[in-house]
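*Asks:* Sharing a structure here in structure tokens format.
The values are calculated or read from the model by the stated rules, or taken from the named source; none is laboratory data. These numbers were taken from a predicted model, which means no experiment stands behind them. Cβ: placed from backbone, ideal geometry, glycine included. Neighbour counts: every protein chain shown. Surface areas here come from the heavy atoms of the whole protein model, side chains and all, with no ligands, DNA or RNA. Shrake-Rupley method; radii C 1.70, N 1.55, O 1.52, S 1.80 Å.
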Amino acid sequence: MKIRLICIGKMKNTHLQALVEDYTERVGHFASLEVVELRDGRASDGGARLLEEAKVLRQALETKGTARLTGVVLWDEKGDSPDTAKFAEFLEREARRGGVLTFVIGSSHGVDPELKREISKHLRLSALTLTHEWARALALEQIYRAFCLLRGLPYHH
């Protein structure tokens, strides 16, 4: 299975960066993992900034915005909230489907509403508000945990 994690914005917190690197390595034992870090928008206007970031995200997703994006998951505060077992089942289904499973984490300003509508699957990491850096670390930890559950490893209790 190949997984891409596309993130807007750089990791600035060195402690969280170390955690992200640790879970990136761990996930790499189960799947090919590529973490893509894109530059956040520079526009001072919030809407213009989101449009700028959406353009960069579309390039990374290799889409022109003409169809619903399948095989793409947006980590979104308003997305579905699966438990770990359901998330593991989702990963297993995606692995059987083949191809690349892409997860997207927006910037601290979110994701352009039009691009949000184009992405077919939205999942929520927490009901609490998270920084995009914490979201990256938590997303990788949950992906790792799901793989451990699927393989019957003791990490998930």
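*Asks:* Could you order Tyr23, Tyr155 so the one with the most accessible surface comes first? Probe is 1.4 Å. Mind showing how you got there, number by number?
*Replies:* Values: Tyr23 25, Tyr155 60 Å².
Correct descending sequence by accessible area is Tyr155, Tyr23.
*Asks:* May I ask for the Rg/Rh ratio of segment 1-97, computed from Cα atoms with Rh as the Kirkwood radius, given to two decimals? Each step should come with its number before you reach the end.
*Replies:* Working: Rg = 15.3 Å, Rh = 15.6 Å.
Rounded to two decimals, Rg/Rh equals 0.98.
*Asks:* A further question on this structure: Keeping all protein chains in position, work out how much accessible area Thr24 exposes to a 1.4 Å probe, and write it in Å² to the nearest 10.
*Replies:* About 40 Å², ignoring ligands and nucleic acids.
*Asks:* Build a GNM of the chain with springs between Cα atoms under 10 Å: which of Leu61, Leu101, Leu128 gets the top mean-square fluctuation?
*Replies:* Result: Leu128 has the largest fluctuation of those listed.
*Asks:* Could you calculate the contour length gain from Lys55 to Asn13, that is, 0.36 nm times the residue separation minus the distance between their Cα atoms, to one decimal place in nm?
*Replies:* Details: separation 42, 0.36 × 42 = 15.12 nm, distance 2.61 nm.
That pair, Lys55 and Asn13, stretches by 12.5 nm at full extension.
*Asks:* So, in Å, what gap is there between the alpha-carbon centers of segment 28-42 and segment 1-22?
*Replies:* Their Cα centres are 7 Å away from one another.
*Asks:* Arrange the residues Arg42, Arg97, Arg145 by how much accessible surface each exposes, largest first, with a 1.4 angstrom probe.
*Replies:* Details: Arg42 155, Arg97 125, Arg145 50 Å².
Greatest to least solvent exposure: Arg42, Arg97, Arg145.
*Asks:* Round to the nearest 10 and give me the degree value, 0 to 90, for the angle of helix 14-27's Cα axis relative to the longest principal axis of the chain.
*Replies:* 50
*Asks:* While we're here: Have a look at the DSSP beta bridges in segment 23-157 and tell me what percent are antiparallel, nearest 5. Present the calculation step by step, with values, prior to reporting the outcome.
*Replies:* Values: 1 of 9 bridges.
Percentage antiparallel, nearest 5: 10.
*Asks:* Which value, in Å² and to the nearest 10, is the accessible area of Ser108 when all protein chains are kept and the probe is 1.4 Å?
*Replies:* Solvent-accessible area, nearest 10 Å²: 90 Å².
*Asks:* Something else about it: Suppose accessible area is computed on protein heavy atoms with a 1.4 Å probe; arrange Thr131, Thr102, Thr14 from highest to lowest. Can you show the working numbers first?
*Replies:* Values: Thr131 70, Thr102 10, Thr14 105 Å².
Per-residue accessible area, sorted high to low, gives Thr14, Thr131, Thr102.
*Asks:* Just Ala135, Ala48, Ala88 to compare: in a GNM of the chain, with alpha carbon springs under 10 Å, which one fluctuates most?
*Replies:* Highest fluctuation among the options: Ala48.
*Asks:* Follow-up question, since we're still on this one. Take the Cβ-Cβ distance between Asp83 and Glu37 as r, set R0 to 30 Å, and report the resulting FRET efficiency rounded to the nearest 0.05.
*Replies:* Numbers: r = 29 Å, r/R0 = 0.96.
The calculated FRET efficiency here is 0.55.
*Asks:* Any chance you could give the angle, 0 to 90 degrees and rounded to 10, that helix 84-97 forms with the longest Cα principal axis of the chain?
*Replies:* So the helix axis and the longest Cα principal axis differ by about 80 degrees.
*Asks:* Can I ask one more? As a check on your grasp of the helix formula, calculate [θ] at 222 nm for the chain: sum -39500 (n - 2.57) over DSSP H runs of n ≥ 4, divide by the residue count, round to the nearest 500. Mind dumping the intermediate values first?
*Replies:* Numbers: 5 runs with 70 residues, N = 157.
Dividing the helical sum by the residues of the chain leaves -14500 deg cm²/dmol.
*Asks:* For labels at Arg93 and Ala127 in the simple 7 Å Cα→Cβ model, what's the distance in nm?
*Replies:* A separation of 2.4 nm, rounded to one decimal place.
*Asks:* Now for a separate question. Taking a spot 7 Å from the Cα of Ser120 along the direction of its beta carbon, which residues of segment 1-24 have an amide N less than 18 Å from it?
*Replies:* Inside the label zone: 2-4.
*Asks:* Compute the long axis of helix 132-151 from its Cα atoms, compare it with the longest principal axis of the Cα atoms of the chain, and write down the angle in degrees, 0 to 90, nearest 10.
*Replies:* 30
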